[in-house]
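The values are calculated or read from the model by the stated rules, or taken from the named source; none is laboratory data. These numbers were taken from a predicted model, which means no experiment stands behind them. So basically every Cβ, Gly included, is an ideal-geometry build from the backbone, and we count neighbours across all protein chains shown. The area values use the complete protein model at the heavy-atom level, side chains included, leaving out ligands, DNA and RNA. Shrake-Rupley method; radii C 1.70, N 1.55, O 1.52, S 1.80 Å.
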Amino acid sequence: MPEEDLSNVSPMMQHYLATKETYKDCILFYRLGDFYEMFFDDAKTVSRELELTLTGKTCGLKERAPMCGVPFHSVDTYITRLVGRGYKVAICEQMEDPATAKGMVKREVVRIVTPGTNTNTAAIEESENNFLMCVVSEDEIIGISVADVTTGEYYVMEALSLREFADALARYAPKEILSNQAFAISGVDSEDLKSRLGIYFHVLEGRMFDPAAAKKLLMEHFRVASLNGLGLHDMTAGLSAAGALMRYLYDTQKNTLSNIVEITPVSTSKYLVIDSFTMRNLELIVTLREKQKKGSLLWVLDHTRTAMGARMLKSMIEQPLIDRSLIDRRLDAVSELKDSVMDRDEIREYLSGIYDLERLMCRVSFGSANPRDLIALKDSLKLLPGIRAVLKDLSAPLFKELLNDIDPLSDIADLIGRAIDDDAPLTQKTGGIIREGYSEEADELKAAGSNGKQWLAELEEKEREKSGIRSLKIKFNKVFGYSFEVSRSFLSQVPEHFIRKQTLSTGERFVTEELNNLADTILNAEEKLKNLEYALFDEVREHCAEAVGRIQKTARALSLLDCLQSLAYVAEKNRYSRPKLNEDGIIHIRAGRHPVVEKMLGEENFISNDVLLDTGKNMISIITGPNMAGKSTYMRQTALIVLMAHLGSFVPAENAEISIVDRIFTRVGASDDLSTGQSTFMVEMTEVANILRNATSKSLLILDEIGRGTSTFDGLSIAWAVVEFLSRKRSGARTLFATHYHELTELEGRLKNVNNYCFAVKEKGDDVVFLRKVVRGSSDRSYGIHVARLAGVPDEVVERSEELLSELTKNDIISGIRRTALRENGWEYPEEAGEEYYQLSLFDNPAKSVVEEKIRKAEISRMTPVEALNFLFELQQMLK
């Protein structure tokens with residue numbers, strides 16, 4: 001920005017500088033005619049980021065002001081690119097027509113675009129939300145509020161730890177986070193959020209989080225008399241976050257935000273809790289490696305027909321229900337649609353023609369909807385009677401509720417149909433918008449316009465006959481208006497009453513007094529008609545905006561209907577069965593299948609398996625078996641089937657009894673978290689700690705290869721202790737525990753709620769066939785060398801591995817001496833034994849006990865010197 005004397009700066013530049021001073025943290029797009037211009041540092045930044053030409057403008061300073069600009073008709077593209085890189089953009093618009101303005105054109109900032117408030121639907125994936133999050137740290141409680149200004153969704157919740165905040169972060173995936181200073185210094189790495197997750201972080205001023213101001217603003221916006229009407233009376237930190245977020249939206253959008261009609265408190269007590277680790281490990285929304293939708297659970301279940309439905313289905317997967325009655329209501333509806341194929345297909349066909357009503361109403365409410373948006377709204381609303389007719393024939397209670405929620409909105413559809421021409425242009429200031437018959441005044445002006453064209457044609461024919469100029473034509477030019485065009489070869493025949501207007505390379509342009517009078521009539525009529533049509537269009541748009549609450553309620557109902565038909569379609573197509581819910585702690589799945597792997601391989605190539613877990617003797621399943629046998633797939637499919645049941649979906653199994661669970665925890669796979677400097681083992685232990693501290697008697701735990709990231713004895717020790725802890729301290733937490741520590745199978749029979757399962761293998765000489773079938777019992781081999789051979793490891797390495805394995809097996813104290821010693825010395829594991837007993841039973845050296853016993857029994861006095869040396873050597877080998 002210039003630092004020199006600004007007294008000689010032009011009035012326009014003075015206004016620019018004053019506006020820029022108000023919006024220091026934004027790039028200012030300043031409207032000048034058909035362009036938005038940037039000056040000084042903003043111009044340099046935009047020129048660099050968007051690779052635009054940097055020019056200069058004389059404005060009264062010693063040097064020309066750096067300047068670059070973009071055309072107004074394509075400004076959204078440039079703004080989206082800047083916002084995508086974390087910049088804020090303030091749009092300063094011309095508030096009056098430059099042609100009629102007296103003095104300098106009035107300009108104002110009409111909107112601020114940020115990563116979390118971008119309403120350009122072309123820049124947003126239609127099946128995803130564009131969330132803005134506000135976070136407040138108050139008295140060790142984290143208040144969180146989330147909004148999508150393009151859909152009108154607004155949520156508020158509270159978290160008790162940074163881990164719970166991380167779970168909310170994974171669930172909503174905001175593009176931008178706002179926070180108070182206390183949260184910013186609580187350990188959150190804003191640079192990591194930006195570089196790793198693409199989330200931009202801003203700290204707001206303290207005044208934005210004033211509780212009294214938040215309460216007043218929210219009550220005024222939602223038109224309620226108290227916080228009880230919003231469900232926020234017991235959310236202190238949540239209230240501050242919601243109020244600050246609303247203030248930020250008012251400050252940036254600079255309108256009434258009329259499309260935000262309700263705020264939804266989110267309580268973890270209403271939903272099955274899925275933390276960020278589990279969401280990632282189970283690949284619910286995107287795959288673990290490629291971060292793609294294909295290969296995720298969402299990919300399998302998403303056969304929605306609307307963008308609204310796709311967004312709601314994603315939310316349903318991220319937040320499954322735990323209220324059995326609500327889940328059964330969904331299952332009843334899915335079951336009826338699954339069996340009523342014709343009704344389902346009819347609903348799918350109707351939904352295919354419905355546009356994204358939530359985002360349409362955002363543009364309508366903000367006054368940015370164009371004529372084609374209203375046509376899309378009308379075409380969508382015209383399909384509602386057909387949908388309602390189908391719902392009337394369905395009997396599930398949820399369909400009766402949806403029928404009540406879907407407003408026919410015939411008044412809005414009729415208004416748009418009467419007012420807006422089906423062939424209306426994209427922009428609202430070019431005319432051709434209003435349908436004939438809607439406005440008498442508009443019809444009269446249109447008649448003048450159409451008659452004017454006939455008048456021009458008659459005048460052209462009359463002058464052509466009088467002058468004998470066969471090529472004489474009347475043409476229109478934006479600068480010179482209407483004129484006769486005469487080619488050079490006929491200039492000698494031009495009549496005397498023709499007045500020369502302009503010389504062309506191919507001839508000349510002429511006007512006459514009659515043509516000028518006729519042109520004035522036509523052009524005035526066209527201009528008046530354009531202005532009138534825009535005013536009429538604006539009235540229709542405002543009337544539609546007044547119905548935003550009705551339309552959004554209908555949109556929510558249509559979204560849920562879309563989700564239900566999608567789940568029904570998938571259930572029939574993939575041969576899913578309806579789960580039977582219980583609250584007895586029993587999870588019994590017969591012939592269960594992994595929904596994603598099955599779709600990838602084909603059902604005929606996938607081997608199904610049973611699962612039995614309960615809160616009694618079947619609480620913990622220790623699963624052993626070879627690498628590549630399918631342990632991880634088996635455990636993941638169990639978690640996915642339980643989750644699918646909770647969101648109201650049929651499941652891939654012959655039949656399934658599913659207990660209501662409060663949380664699903666997973667510890668699957670191993671990878672370094674380089675971004676936070678954590679090793680594989682540290683990441684693993686962090687996740688295990690979270691599970692052990694937060695699992696309850698109603699939780700489902702999926703634990704894969706606990707302890708493998710460290711040395712064998714350390715890993716075995718941790719795995720053993722984890723199983724013991726779960727068995728005694730987390731009674732009821734149903735657990736699938738896969739391991740290659742075969743020693744853990746000794747816990748069956750010694751811990752009353754632990755059972756061994758393994759994956760069956762068939763050996764044919766040196767070859768191994770993985771049967772992919774879970775059976776009772778344990779496996780004592782991992783067949784890792786066989787897997788190495790399948791992976792293409794050189795034969796020389798494989799053969800040497802087999803030699804070493806043979807030698808190590810012979811000398812394996814753990815698998816040989818320890819177990820022999822335990823048996824020989826009568827070591828038992830009574831059920832009443834305490835934790836210390838188990839610790840000793842695992843780590844005391846059994847070989848030492850055997851040596852002591854041998855020494856006691858040995859008759860040393862009868863040994864020869866050679867026998868004594870041999871005896872001593874034997875003892876030494878045993879101790880080694």
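Computed values, structure above
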item: Count of the stretch 234-269 residues which are assigned to a strand (DSSP E or B) and β-branched (Val, Ile, Thr); result: 1
item: Test: residue in the stretch 249-258 that is open to solvent by 30 Å² or more (accessible area, probe 1.4 Å) and among the small types (Gly, Ala, Ser); result: yes
item: Sole exception among (1) small (Gly, Ala, Ser); (2) at negative phi; (3) more than 36 Å from the chain's Cα centre (by Cα) for GLY33, by number; result: (2)
item: Per-region count, the stretch 166-189, residues open to solvent by 10 Å² or more (accessible area, probe 1.4 Å) and either among the aromatic types (Phe, Trp, Tyr) or assigned to a loop (DSSP other than H, G, I, E, B) (or both); result: 9
item: Pairs, first without any contact (Cβ under 8 Å) to a residue 40 or more places away in the chain in the stretch 741-753, second of a type in the set (Val, Ile, Thr), C-beta under 9 Å, six or more apart; result: TYR741/THR624; TYR741/ILE706; TYR741/THR712
item: Criterion violated by GLU440 - all others in (1) more than 25 Å from ALA547 (Cα to Cα); (2) open to solvent by less than 40 Å² (accessible area, probe 1.4 Å) satisfied; result: (2)
item: Every residue from the stretch 481-507 that is open to solvent by less than 20 Å² (accessible area, probe 1.4 Å) and either closer than 15 Å to ARG470 by Cα or touching a strand residue (DSSP E or B) at 6+ places or on another chain (Cβ under 6 Å) (or both); result: SER483, PHE484, VAL486, PHE498, GLY507
item: Selection status of ILE469, closer than 25 Å to LEU523 by Cβ, within 60 Å of the chain's Cα centre (by Cα) and touching a residue at least 24 places away in the same chain (Cβ under 8 Å); result: no
item: Of all residues making up the stretch 113-131, the number that are within 19 Å of ILE27 (Cβ to Cβ), hydrophobic (A, V, I, L, M, F, W, C) and open to solvent by less than 30 Å² (accessible area, probe 1.4 Å); result: 1
item: Condition met for ALA653 (in contact with a helix residue (DSSP H, G or I) (Cβ under 9 Å, 6 or more places away or on another chain) and modelled with pLDDT of 95 or more); result: yes
item: Qualifying residue in the stretch 139-146 (condition: closer than 30 Å to CYS563 by Cα, open to solvent by 20 Å² or more (accessible area, probe 1.4 Å) and touching a residue at least 40 places away in the same chain (Cβ under 8 Å)); result: no
item: Number of positions in the stretch 336-378 that are hydroxyl-bearing (Ser, Thr, Tyr), part of a helix (DSSP H, G or I) and either open to solvent by less than 50 Å² (accessible area, probe 1.4 Å) or free of Cβ contacts under 8 Å to residues at least 24 places away in the same chain (or both); result: 1
item: Of the criteria (1) farther than 25 Å from ALA18 by Cα; (2) in contact with a Lys or Arg (Cβ under 9 Å, 6 or more places away or on another chain); (3) among the small types (Gly, Ala, Ser), which one ALA65 fails; result: (1)
item: Single unsatisfied condition, GLY432 versus (1) outside any loop (DSSP other than H, G, I, E, B); (2) at positive phi; result: (1)
item: Positions within the stretch 339-386 being among the β-branched types (Val, Ile, Thr), under 28 Å from the mean Cα position of the chain (by Cα) and farther than 26 Å from ARG575 by Cα, in sequence order; result: ILE354, VAL364
item: In the stretch 82-141, the residues that are more than 25 Å from ARG48 (Cβ to Cβ), among the β-branched types (Val, Ile, Thr) and assigned to a strand (DSSP E or B); result: VAL110, VAL135, VAL136, ILE141
item: Pair list, Cβ under 9 Å, 6 or more apart: the stretch 390-405 residue buried (at least 18 other Cβ atoms within 10 Å of the Cβ), other residue hydroxyl-bearing (Ser, Thr, Tyr); result: VAL390/TYR350; LEU394/SER340; ALA396/SER335
item: Test: residue in the stretch 450-458 that is of a type in the set (Lys, Arg) and either without any contact (Cβ under 8 Å) to a residue 60 or more places away in the chain or part of a strand (DSSP E or B) (or both); result: no
item: Selected residue [in a strand (DSSP E or B) and among the β-branched types (Val, Ile, Thr)] from ILE474, ILE551; result: ILE474
item: Count of the stretch 413-424 residues which are touching a residue at least 60 places away in the same chain (Cβ under 8 Å) and either more than 15 Å from PRO371 (Cβ to Cβ) or of a type in the set (D, E, K, R) (or both); result: 0
item: Answer residue from the stretch 713-758, given it is surrounded by fewer than 19 Cβ atoms within 10 Å (Cβ to Cβ) and of a type in the set (Phe, Trp, Tyr) and is nearest to ASN690 (Cα to Cα) among those; result: PHE725
item: In the stretch 280-325, residue nearest to LEU357 (Cα to Cα) [restricted to those that are part of a helix (DSSP H, G or I) and free of Cβ contacts under 8 Å to residues at least 60 places away in the same chain]; result: SER315
item: Qualifying residue in the stretch 822-829 (condition: at pLDDT below 80, over 46 Å from the mean Cα position of the chain (by Cα), open to solvent by less than 60 Å² (accessible area, probe 1.4 Å) and under 30 Å from VAL611 (Cβ atoms)); result: yes
item: Qualifying residue in the stretch 195-202 (condition: touching a Phe, Trp or Tyr at 6+ places or on another chain (Cβ under 6 Å) and not acidic (Asp, Glu)); result: no
item: In the stretch 1-57, residue surrounded by the fewest Cβ atoms within 10 Å (Cβ to Cβ) [restricted to those that are assigned to a strand (DSSP E or B) and modelled with pLDDT under 90]; result: GLY56
item: In the stretch 58-81, the residues that are crowded, with 19+ Cβ neighbours inside 10 Å and part of a loop (DSSP other than H, G, I, E, B); result: CYS59
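Conditions (1) open to solvent by 40 Å² or more (accessible area, probe 1.4 Å); (2) in a loop (DSSP other than H, G, I, E, B), marked per residue:
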| residue | (1), (2) |
| --- | --- |
| MET208 | no, no |
| ALA213 | yes, no |
| ALA225 | yes, yes |
| LEU232 | no, yes |
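Per-residue answers, yes or no, for (1) crowded, with 24+ Cβ neighbours inside 10 Å; (2) within 26 Å of the chain's Cα centre (by Cα); (3) free of Cβ contacts under 8 Å to residues at least 24 places away in the same chain:
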| position | (1), (2), (3) |
| --- | --- |
| ALA568 | yes, yes, no |
| ILE589 | yes, no, no |
| LEU601 | no, no, yes |
| GLU604 | no, no, yes |
| SER608 | no, no, no |
| ILE622 | yes, no, no |
| THR633 | no, yes, no |
